[in-house]
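Here is the structure we will look at, set down as structure tokens.
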Amino acid sequence: MSEMAYETGQQLPQQTFRVTRADLVRYAGASGDFNPIHWSQRTAEGVGLPGVIAHGMYTMALAGRAVTNWVGRADAVLDIGVRFTRPVPVPDTDGGTSVDFTAVIKSVSEDGLVTFDLTATCGGEKVLAQARVVIRQV
Amino acid sequence: MPMDQSFIGRTYPPTEPYQVGREKIREFADAIGAPDDLYHDVAAAHAAGYRDVVAPPTFPIILSFAAMEQIVTDPELGMDYSRVVHGDQRFSYRRPIVAGDELVVVSSIDDITHRGGHDFLTTRAELSTPAGEPVVTVVCKLVVRGHGE
């Protein structure tokens with residue numbers, strides 16, 4: 001499979017990932033982060049949150065998936081960094097919520113490093129800032 | 001009381017080696033909804049030149065999160081973990097993690113600042129093999145919310 005050549009300023013098509021309470025429970029188990037604000041409505045409301053929120057690290061993992069999907073290689077990521085700016089509330093419904101990712105190519109280096117600047121939104125609000133991923137082209 | 005800036009530069013003892021398991025990688029990949037062959041299929045990993053299945057980019061949080069216990073429970077630092085908010089997170093790779101890797105974690109405090117009544121703590125976890133090969137650097141910025149709000 002030939003990989004696409006990236007150009008600075010290029011826009012990547014939106015990807016949407018659905019997030020449900022069941023996803024958060026599963027992520028808690030797999031990651032070892034059992035903070036109850038990610039599964040207990042009572043605890044989340046008790047600390048002033050609107051309700052159960054996704055692990056920031058779950059949203060970051062989705063950012064990684066967005067990039068590896070765009071690139072078409074699961075091992076492409078050299079560097080991934082984000083700032084968590086706003087929680088992702090996950091209602092106790094079958095559908096949960098969803099997070100949308102878009103990106104623009106910030107730079108392409110001569111030695112094949114491509115930098116993606118990502119935008120992640122939930123319900124129209126940005127949930128990440130300074131979300132940047134560097135991949136190596138093969 | 002603001003966090004003591006004299007802790008900047010403190011480094012904690014290396015953790016016991018963590019054995020990266022094939023099934024743990026598959027479990028983590030499933031938990032983030034990633035069906036990619038490289039994370040699941042040994043033959044696909046071999047075909048791509050790897051010894052075994054490859055870990056997704058944020059997999060090292062399992063190790064760095066566990067290792068951060070050393071910092072948040074450091075009685076001298078006296079951090080109130082109930083007031084901690086995750087600010088920033090970054091993973092910088094030398095090479096991908098693959099099943100069968102053994103990794104030790106050395107955690108450090110890189111920076112402590114105060115702003116608007118809150119403490120900002122930058123921690124760094126260096127993941128390397130027991131032989132000393134660096135694999136990934138994990139930087140985590142935590143916000144310890146002040147009591148003034």
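Please enumerate the residues belonging to segment A:14-57 that are more than 15 Å from A:G96 (Cβ to Cβ), within 9 Å of another protein chain (Cβ to nearest Cβ) and in contact with a Leu (Cβ under 7 Å, 6 or more places away or on another chain). Matches in segment A:14-57: none. For segment B:41-66, a tally of residues being open to solvent by 10 Å² or more (accessible area, probe 1.4 Å), more than 9 Å from every other protein chain (Cβ to nearest Cβ) and among the hydroxyl-bearing types (S, T, Y) returns 0. Restricting attention to segment A:42-80, the residues that are touching a helix residue (DSSP H, G or I) at 6+ places or on another chain (Cβ under 9 Å) and in contact (Cβ under 8 Å) with a residue 12 or more places away in the chain add up to 15.
Check whether at least one residue in segment B:16-25 is over 17 Å from the mean Cα position of the chain (by Cα) and outside any loop (DSSP other than H, G, I, E, B), and report yes or no. Looking through segment B:16-25, at least one residue is over 17 Å from the mean Cα position of the chain (by Cα) and outside any loop (DSSP other than H, G, I, E, B). For segment A:79-88, filtered to residues that are out of contact with any Gly (no Cβ under 7 Å at 6 or more places or on another chain) and buried (at least 20 other Cβ atoms within 10 Å of the Cβ), the residue that is nearest to the other protein chains (Cβ to nearest Cβ) is A:V82. Among the residues of segment B:67-97, those identified as surrounded by 15 or more Cβ atoms within 10 Å (Cβ to Cβ), under 19 Å from B:T15 (Cα atoms) and β-branched (V, I, T) are B:I71, B:V72, B:I97. Only one of the listed residues (B:E27, B:E69) is within 13 Å of another protein chain (Cβ to nearest Cβ), of a type in the set (D, E) and more than 25 Å from B:T123 (Cβ to Cβ). That residue is B:E27. Within segment A:90-138, if we keep just the residues that are farther than 19 Å from B:G33 by Cβ and touching a Gly at 6+ places or on another chain (Cβ under 6 Å), the residue that is least open to solvent (accessible area, probe 1.4 Å) turns out to be A:Q137.
Looking across segment A:89-127, not a single residue is among the acidic types (D, E), at pLDDT 95 or above, in a loop (DSSP other than H, G, I, E, B) and in contact with a strand residue (DSSP E or B) (Cβ under 9 Å, 6 or more places away or on another chain).
In segment B:114-149, the qualifying residues are those that are basic (K, R) and outside any loop (DSSP other than H, G, I, E, B), and the one that is surrounded by the most Cβ atoms within 10 Å (Cβ to Cβ) is B:K141.
The values are calculated or read from the model by the stated rules, or taken from the named source; none is laboratory data. Quick caveat, the model's predicted, so the values are computed rather than measured. We place every Cβ from the backbone using ideal geometry, glycine too, and count neighbours over all the protein chains shown. Note: areas computed on protein heavy atoms with side chains; ligands, DNA, RNA excluded. Shrake-Rupley method; radii C 1.70, N 1.55, O 1.52, S 1.80 Å.
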